[in-house]
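The values are calculated or read from the model by the stated rules, or taken from the named source; none is laboratory data. Keep in mind that what you see is a predicted model, and the values were worked out from it rather than measured. Cβ sites come from the backbone with ideal geometry, for glycine too, and all protein chains shown count toward neighbours. Heads up: the accessible areas ignore ligands, DNA and RNA and are worked out on the full protein's heavy atoms, side chains in. Shrake-Rupley method; radii C 1.70, N 1.55, O 1.52, S 1.80 Å.
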Amino acid sequence: SAEARFFDLFVPLCQRVFGEISTKDYRHEIGGWLSRTTRWERTTSATKSPSRPYGSIKSSQQNSIRSDPVVKLLGASTRATTGPSNDQGPVPLIAAFAKEAEYRDNVRYEFPFLGLPKPVQEDWLAMIQIGLGGVAPDNRQPSRNLTLLLGSLFRVNPVGQTKLIVYQQAKVQKKDQKRPLQLGSHLYSSPNKLYSPNGPGTPVMQNQEKADAPPSVFLSMLEYYLVVFIRYPLATPETQAATASSSASAPRIGSIHRSPYLSSRNVEPYGETVYYELFTQYINYYVPVRGSRRGNFEFASLQRPSELFVRITMALWLEGQNELAPTATACAALQQRRGPDVSLDLDASFDLVKATYRAPPKQVVRCLHSLVLKVVADSTLADVAEHVRKDLKGRSLDFLCLSKTMEIMQQPFFNHIRNVFRHASMHSKDSIFHSTMNDWLAWLEPWNTQYYSTKNTVRGTVSRSSKDRSPTQARYVQPKATQSSRYTPDWEAYIASNLHFYTVPLALFLRRARELDFSPAVHQKSLEIVMKVFRVYSKDVVAVINRLLQERRNGVRGDSSSPAPSVVNYVGMVKKHEHNLGSFAPPEVFLSLSSLRNDVHNLLEEMYLQHLKNVEKLDFLDRAIAAIEGAFGSGQSKKEERDLHAITEKAKAIFGFPNDYQVVADKSKPRGTDQRAEKAVASERTAEGFFSSSGLARIAEGEIKCKPEDVVYRGDRMHSRVQSYEWKPAVDVLINVSEALNKRFGLDEEGKRVNLRFFADYRNILFIFLIFQILRWILT
């Protein structure tokens with residue numbers, strides 16, 4: 001029948017789209033449609049013949065990725081989610097997969113178990129062990145996401161995965177040399193039909209499987225497709241390794257041939273573009289998000305296919321790549337290393353991240369960014385948060401102001417941010433650190449969502465009237481570093497539902513921010529990164545965070561025993577948030593933003609010292625120009641000073657520094673302890689600039705200290721390396737002339753001598769040229 005042929009063609013279709021899965025490393029092999037690096041070639045007749053499907057497509061649409069045949073075949077239309085209708089077009093193929101999995105749940109497809117990420121494998125085996133009445137190895141507890149995914153959503157539960165049971169028994173037998181548990185016949189009852197990815201229509205004989213054979217898991221049609229699709233960026237084929245074989249075996253036209261599977265530099269492979277378009281369409285298809293505010297006080301529910309999509313994405317992309325130690329384990333390790341009295345406040349967040357870091361592929365980072373921007377643009381977040389604040393005062397709240405998708409994402413995304421902020425590099429422009437930071441900031445500020453009506457008018461989030469029924473489209477807008485916060489008190493419930501997103505990642509960022517490059521070339525960009533984070537924590541947001549942390553400690557608002565009827569009690573919401581984070585929630589101690597003052601001070605000190613160092617490098621001409629620009633309120637140096645002052649004032653408000661707090665000593669004071677300290681340090685130095693024995697002893701005792709700006713250049717400045725502001729040919733010539741003059745007049749290096757190197761500075765050259773032109777103009 002047609003349905004049987006559809007079942008038989010499903011696996012070959014997946015192989016044609018993604019490429020066959022190698023039995024060696026379980027990566028996809030070259031040849032799949034998504035491994036192409038160039039567009040599909042269309043014949044000339046296809047654009048002229050009106051009878052062909054592509055003949056009626058305009059040239060602009062032909063260049064669009066949505067006209068790609070793979071996108072048309074596997075794409076998803078959001079119109080199909082509202083229900084079947086005659087005017088909604090054909091049902092997407094992805095919807096057909098879901099329907100077949102629902103109505104033909106006896107059809108199974110095999111997927112290689114060893115092709116899954118290692119943490120997913122271990123959780124799956126642990127669930128089998130627990131399901132059989134045993135104890136998981138090392139008392140392993142599978143994550144909540146994988147427990148619900150493998151135990152409830154997948155059609156075949158862990159105990160029904162008989163091949164895995166045989167595989168696990170073989171592992172136990174090899175490890176302990178003991179007789180494995182004999183399984184009953186009910187565990188070998190196979191479904192009606194099983195299909196292997198190695199060939200269509202091949203029934204799997206489970207009872208005759210060898211114990212040492214590579215294990216497989218049984219998945220429904222939709223489960224198989226989603227696992228293969230979401231796993232694909234983690235197992236893409238190595239196109240560079242197959243360059244020679246692809247070029248040699250492919251047919252040639254004339255003497256020039258370019259294989260569609262060969263990658264080129266600085267050009268995104270076409271298959272990645274197709275994959276990103278498909279993932280974007282699947283987000284719109286599976287993730288329910290309301291685009292307009294209409295007083296929706298309940299979040300849209302997730303159907304089984306939608307929940308499968310979200311949970312598989314979290315399992316493979318986040319939980320399957322990096323496995324973090326639970327908070328209790330990390331705290332025990334920290335106390336063992338530093339003593340039982342070590343602080344477990346927010347300043348210990350950096351040391352509580354224990355994991356083996358593995359950076360995800362760029363395609364995963366890109367798609368995850370789209371998913372985050374999609375879920376934070378749900379207008380129901382604003383509706384529910386406003387409803388909680390206005391209509392639920394005096395009540396104990398035991399729910400989260402989050403959509404169902406965000407509830408699923410909260411724990412994996414929280415650990416993803418912690419792990420990236422702890423281990424990822426900050427110096428590369430394309431580093432995952434900066435992309436994750438933008439995702440984190442978007443999660444913190446859903447109130448930056450803007451609604452665009454059909455009349456192209458921008459509407460705010462909470463300020464938009466719920467009675468306005470005009471069609472709108474929601475889109476998150478990334479604010480600038482200097483833009484004021486758009487937070488309103490209606491969003492208190494959202495902050496309570498994500499309290500530790502506002503505290504723990506901030507502590508990690510502050511510890512790592514000192515690694516930012518504050519050199520003159522990128523000093524302003526690094527300042528903007530810090531300003532981008534600090535701008536989130538406005539006065540009202542910080543007040544809410546501090547109040548929630550105090551409520552978390554006391555259990556209720558302030559010191560009262562019951563919540564006041566005029567305010568909202570968020571204690572239950574915060575507890576629900578910590579329950580959703582599970583074993584990765586922060587320690588049950590009093591947390592305070594003020595515990596981060598030391599890290600903030602170190603960061604501010606680094607920025608100020610680098611700024612002072614950059615200013616000291618300026619020569620006379622640059623200082624004069626900076627003074628002139630400063631008089632008019634412009635100039636790079638003046639802008640950096642304003643930004644540093646703004647960051648310092650912001651830090652005072654966020655972390656509770658005293659009003660008279662200063663990052664570095666004010667050198668403009670003629671008298672004071674700072675000036676006496678500088679004289680004390682100078683008196684302990686020798687003529688060569690080194691500390692004397694008494695000076696070293698005073699440093700060791702903590703009586704005096706030396707600062708980075710006190711470090712002077714050692715050696716002959718005339719023979720130092722060529723600077724960025726010098727003209728190299730002139731440097732060599734002027735050094736030779738200076739040495740000749742010094743030798744001619746008997747001048748040595750220790751006394752006065754001639755050094756003409758300053759003429760090689762292009763700024764001095766330009767100044768001399770301008771003076772010469774002015775004198776020439778005056779004389780003529």
query = Which of the residues belonging to segment 717-739 are of a type in the set (S, T, N, Q) and either open to solvent by 70 Å² or more (accessible area, probe 1.4 Å) or in contact with a Cys (Cβ under 6 Å, 6 or more places away or on another chain) (or both)?
reply = SER724, ASN736
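Rundown of residues vs (1) of a type in the set (Phe, Trp, Tyr); (2) assigned to a helix (DSSP H, G or I); (3) farther than 25 Å from THR405 by Cα; (4) over 31 Å from the mean Cα position of the chain (by Cα), yes/no style:
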| residue | (1), (2), (3), (4) |
| --- | --- |
| ALA95 | no, yes, no, no |
| GLU102 | no, yes, no, yes |
| TYR109 | yes, no, yes, yes |
| GLN121 | no, yes, no, no |
| TRP124 | yes, yes, no, no |
| ASP138 | no, yes, yes, no |
| LEU148 | no, yes, no, no |
query = Residue check, LYS174 against (1) surrounded by fewer than 16 Cβ atoms within 10 Å (Cβ to Cβ); (2) at pLDDT 90 or above, all met but one. Which one?
reply = (2)
ask   = Which pairs have Cβ atoms under 9 Å, sit 6 or more apart or on different chains, and link a residue in segment 124-149 that is over 16 Å from ALA315 (Cα atoms) and at pLDDT below 80 to one that is open to solvent by 20 Å² or more (accessible area, probe 1.4 Å) and in a loop (DSSP other than H, G, I, E, B)?
value = GLY134/LEU181; ALA136/PRO142
Identity of the residue in segment 101-144, acidic (Asp, Glu) and open to solvent by 20 Å² or more (accessible area, probe 1.4 Å), that ends up farthest from GLU223 (Cα to Cα) = ASP138
ask   = Hey, PHE399 hits all of (1) surrounded by fewer than 16 Cβ atoms within 10 Å (Cβ to Cβ); (2) hydrophobic (A, V, I, L, M, F, W, C); (3) in a helix (DSSP H, G or I) but one; which does it fall short on?
value = (3)
query = What tally of residues in segment 739-780 results from selecting those that are touching a residue at least 24 places away in the same chain (Cβ under 8 Å) and hydroxyl-bearing (Ser, Thr, Tyr)?
reply = 1
note = Of the residues in segment 20-43 that are among the β-branched types (Val, Ile, Thr), assigned to a loop (DSSP other than H, G, I, E, B) and surrounded by 16 or more Cβ atoms within 10 Å (Cβ to Cβ), the one that is nearest to the chain's Cα centre (by Cα) is THR37
ask   = Among the residues of segment 402-448 satisfying the criterion of being farther than 22 Å from LEU352 by Cα and free of Cβ contacts under 8 Å to residues at least 40 places away in the same chain, which is most open to solvent (accessible area, probe 1.4 Å)?
value = LYS429
message = I'd like to check something: does segment 273-288 contain any residue that is modelled with pLDDT of 90 or more, in contact with an Asp or Glu (Cβ under 6 Å, 6 or more places away or on another chain) and part of a helix (DSSP H, G or I)?
response = yes
Criterion violated by LEU13 - all others in (1) assigned to a helix (DSSP H, G or I); (2) modelled with pLDDT under 75; (3) of a type outside the set (Val, Ile, Thr) satisfied = (2)
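With a cut-off of at least 1 residues that are over 30 Å from ASP540 (Cα atoms), modelled with pLDDT of 75 or more and open to solvent by 90 Å² or more (accessible area, probe 1.4 Å), name the helices (runs of 4 or more DSSP H) lying wholly within segment 606-708.
Numbers: elements: 620-631, 636-655, 673-683, 693-700.
Hits in segment 606-708: 693-700.
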